[in-house]
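This report concerns only the one structure given below.
The values are calculated or read from the model by the stated rules, or taken from the named source; none is laboratory data. Remember, it's a predicted structure, so these values are computed and weren't measured experimentally. Here the Cβ positions follow ideal geometry from the backbone for every residue, glycine too, while neighbour counts run over all protein chains shown. For the accessible areas, the whole protein counts, side chains as well, though only heavy atoms, and no ligand, DNA or RNA atoms are used. Shrake-Rupley method; radii C 1.70, N 1.55, O 1.52, S 1.80 Å.
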Amino acid sequence: MALLEVKSLNVCYNGIQALWDVSFSVEAGTITALVGSNSSGKSTTMNTVAGLLKPASGSILFQGEAVTTLNAYQRVEKGICLVPEGRRIFPHLTVKENLEIGSYVRRCRKHMRYSLEWVYELFPRLKERNNQAAGTLSGGEQQMLAIGRGLMSEPTLLMLDEPSIGLAPVIVNLLFDLIVGINSKGVTILMVEQNLQKTLEIAQKVYVLETGKIVVEGRGEELLCCDDIKKAYLGM
Amino acid sequence: MHMQAYVKPVAIALIMLSLLLVPQFATTYTTSVILNILMWIGLVTSWLILAGFTGYISLGHGAFLGIGAYFVASYWQILPFPILILLSGLICVFVAAVVGYPVLRVKGPYFVILTLGLSEFVKYSLVYYEVNIRGTVGRILLRTPSLENLYYWVLVICLLSIATAYLIKRSRFGLALMSIKDDEDAAEALGVNAALAKWKAFAISAFFPGMIGAVMAMRWTYIDPYTVFNPMMSFQVTITAFLGGIAYVHGPIIGATMLTLLSQSLWARYPNFYMIALGVILIFIVMFLPQGLAGLLSKINVPGFIKDVFKNVSSPERRKEL
C-alpha cells in the first residue's frame, strides 16, 4: 500500500477547473516529484493534498485512511506537511518562533526540543540566527527555515513546493543534497520543482502534469534518458 | 548587576502602590481622571488581544462596553455588584463567541466594516426595544457605589486585562495568533487551527469591555443606547491603540494616558477642537509613527531604568531575550 494515494482528483480554482482526474501515489520512503510547465496544476495538486484547497471530487488516502474532508491543520496532525511555494515564513517572528509554530500540533508538542535540535543540526545557520526576525534572513536561509519549520511537525510526508525557486545555483546544490539527506532519514518527500535536471536525478518516481492532467509517469532516470519525453513535455 | 535586577520589580511595585493610594489622597477630580485612564487602558489592552496579535481590527469593541452597561442597568439592585460585573463580562464572552464564529471568517477591510455594522445593529435594536417596548429612552441608575469603590473595580479589571495580554503574548497560543497576523494560510498549513485561535482571542477580548461597561454604567448613572453604543468609543479604542503602538503590551498604557490627559485639558474648553486634534493625531501616527509611541520609545535613548521597566513588557526586546 502506498503512503499517499490520490484518486481521480478534480479541483476547481477560481471557477476554472485546474485538475482533471489526477491520480498518483507516493510510496513510503521515496522522493516523488511532480513536474510540468507553469500553470499545469502542480501547486494546485500540492495545496489540495495539504488541505488548503477542497477538491470537487476524488479522494486522498494517507496511510490507507481517507483525509479528503480534513482541514489543513488536521492533516498536519496526521503527518502531512506542506512547505508552501514562496517560503511563506512569518517575517515578524524570530527564527526560533517560526520553528516553534512548526511543532504546534498536539502530536509534536512534547518532542519540540528534540525536533529543534535536529533542525539546528541540519541547518546550523538557523541556530546562529535564532533570535533574528525571520524577514531579515537571506532567500536561501528563508527557504532553509521554511523546510526546517516543516520538519518541526515530524512529518511522514513532507511536501516541498518549488523549494529552489529564486535561489543562487550554489545554494540550489546544497538544497538538493539536504533534501536527499532528509529523505534518507526516513521522511517521504513529494516535491514540485522547476529544476528538472536535478529533480529527475534524485526522484524515484516522477509524474508529468500538463494543463491539469497527468500525461506521463515514470522513474526519474527513465525520463532523464528518454529524449522524446524530455522534448515534448519538459522542454529540455 | 544585582541592583538592576531590582529596578523593574521595585518600579512596578511603586506604581501599583501609588495607584492603590490614589482614592485616599488625591482629589475627586484626579481620581476620576485616573479612573478614566485605567478604563481606556483596559479597553485598549483587551482590544489588542485580537487586533494586536492577529491583525483583525474590530470596530465593535465599544458594543461590548454597551452590553455590559445595559446588563448592569437592567439588574442593578437585584443582584450584588461583583456578580453583576462578572456576569456582564461572561455575557460579552458569550455574545462574542456566537457572533465571532461566522464573522471571523471574513477577512481584511470586510471584517472591519462587518464589526462596525454589527455594533450599530445592536445599538438600534436596543433603541427600538427601549422606545417601542419599554416606552423609555434610557435608564437612570440610583444608589450607585462610590467613586472610590468604582475606581478599585476598574483598577482590578485593567490589571487583569494587562496580565491576560502578557500571558497570551508569552504562550504558545499567542505565538499562533501572531503567526496568523503574518500569514494566516501558512499558519493553517503548519497545523494552526486559525479559525479556532481567532475565535478564542475574540471571546477573551470581549470579557474585559463587558466588565468595564458594567462598572462605568455606575459612574455614568444615566445610560441610553446612543451614548453607550456610541461608535466613537470603538474608534477611540483603535486610535489609542495605534497611538500607543499595537505591537507592544505597554502601548495602551502610554496611548491611554496621553489621550485621556489631552481630552481632559481640551474637552471642557474646546470640545470641537478636541475632535480635530484627535483627527490630526490619527493622521500623524499613520504617517510618521506606525509603531506608535511605544515604538518611538524603544528607539530613542531613554534613561536606563525607564527602559528596564518597559523591557519587561515590550515585545521585540523581550522576544530577543527568550
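The residues of the stretch A:42-61 occluded by other protein chains by 30 Å² or more of accessible area, set against the chain on its own, are A:LEU52; surface from heavy atoms, 1.4 Å probe.
Taking every protein chain into account, the accessible area of chain A amounts to 43 square angstrom per residue (probe 1.4 Å).
Once the Cα-Cα distance is subtracted from the 0.36 nm per residue extended length, the B:LEU14 to B:ALA277 segment shows a gain of 91.4 nm. Packing, as the average of other Cβ atoms within 10 Å across residues, places the peptides B:238-248, B:118-128, B:68-78, B:43-53 in the order B:43-53, B:238-248, B:68-78, B:118-128, highest first.
Here each label is just a point 7 Å from Cα along the line to Cβ, and for A:THR136 and B:TRP220 those points are 4.6 nm apart. Taking the charge dipole of the protein assembly as shown about its Cα centre, with +1 at Lys and Arg Cβ atoms and -1 at Asp and Glu Cβ atoms, the residue from B:MET16, A:VAL172, B:LEU59 reaching farthest to the positive side is B:MET16. At a threshold of 20 Å², the residues of the stretch B:180-200 that become less accessible to a 1.4 Å probe in the full protein assembly than in their chain on its own are B:ASP182, B:ASP183, B:ASP185, B:ALA186, B:GLU188, B:ALA189, B:LEU190, B:GLY191, B:VAL192, B:ASN193.
Heavy-atom accessible area, probed at 1.4 angstrom with all protein chains present, ranks A:ASP177, B:ASP224 as A:ASP177, B:ASP224, highest first.
Using a 1.4 Å probe on the protein chains only, how many percent of the accessible area of chain B belongs to carbon and sulfur? Carbon with sulfur: 72 percent of the solvent-accessible area. Annotation: A:HIS111 carries an accessible surface of approximately 80 Å², with a 1.4 Å probe and no ligand, DNA or RNA atoms counted.
Heavy-atom accessible area buried between chains B and A is around 2200 Å² (1.4 Å probe, both sides summed). The apolar share of the surface of the stretch A:18-57, taken as the fraction of accessible area on carbon and sulfur atoms (1.4 Å probe, ligands and nucleic acids excluded), comes to 52 percent. If you average the C-alpha positions of the stretch B:204-228 and of the stretch B:93-117 separately, how far apart do those two centres end up, in angstrom? Cα centroid of the stretch B:204-228 versus Cα centroid of the stretch B:93-117: 20 Å apart. Classification of the stretch B:1-153 by its C-alpha gyration tensor yields an oblate form. The axis ratio a/c (a ≥ b ≥ c) is 1.5 or more, and b/c is at least a/b.
Would you mind calculating the relative contact order of chain B from Cα pairs under 8 angstrom and at least 6 residues apart, reporting the percent as a whole number? That works out to 31 percent. Does chain B come out rounded, prolate or oblate, given a ≥ b ≥ c as the square roots of the eigenvalues of its C-alpha gyration tensor, rounded meaning a/c under 1.5 and, failing that, prolate meaning a/b above b/c? Oblate shape, in that a/c is at least 1.5 and b/c is the bigger or equal ratio. If R0 equals 25 Å, the separation of the Cβ atoms of A:CYS226 and A:ASN38 corresponds to a calculated FRET efficiency of about 0.65.
Of the solvent-accessible surface of the stretch A:135-236, computed with a 1.4 Å probe and all protein chains present, 53% belongs to carbon and sulfur.
Contact-buried residues of the stretch A:70-110, at a threshold of 50 Å² lost accessible area versus the chain by itself: A:TYR73, A:ARG88, A:PHE90, A:LEU93, A:GLU97, A:ILE101, A:TYR104 (1.4 Å probe; DNA, RNA and ligands ignored). Largest GNM mean-square fluctuation across A:GLY186, A:GLY148, A:GLY15, computed for chain A with C-alpha springs under 10 Å, falls on A:GLY15.
If you plug the beta carbon distance of B:SER125 and A:LYS127 into 1/(1 + (r/R0)^6) with R0 = 56 Å, you get a FRET efficiency near 0.50. Where the centroid of each part is defined by its Cα atoms, how far is the stretch B:140-168 from the stretch A:141-197 in Å? Spelled out, the Cα-based centre of one part sits 53 Å from the other. Computed with a 1.4 Å probe over protein heavy atoms only, the accessible surface of chain B comes to 46 Å² per residue.
Over the stretch A:162-236, Cα pairs under 8 Å with separation of 6+ residues give a relative contact order of 23 percent. Sequence-distant contacts, meaning Cα pairs under 8 Å at least 6 residues apart, place the relative contact order of chain A at 27 percent.
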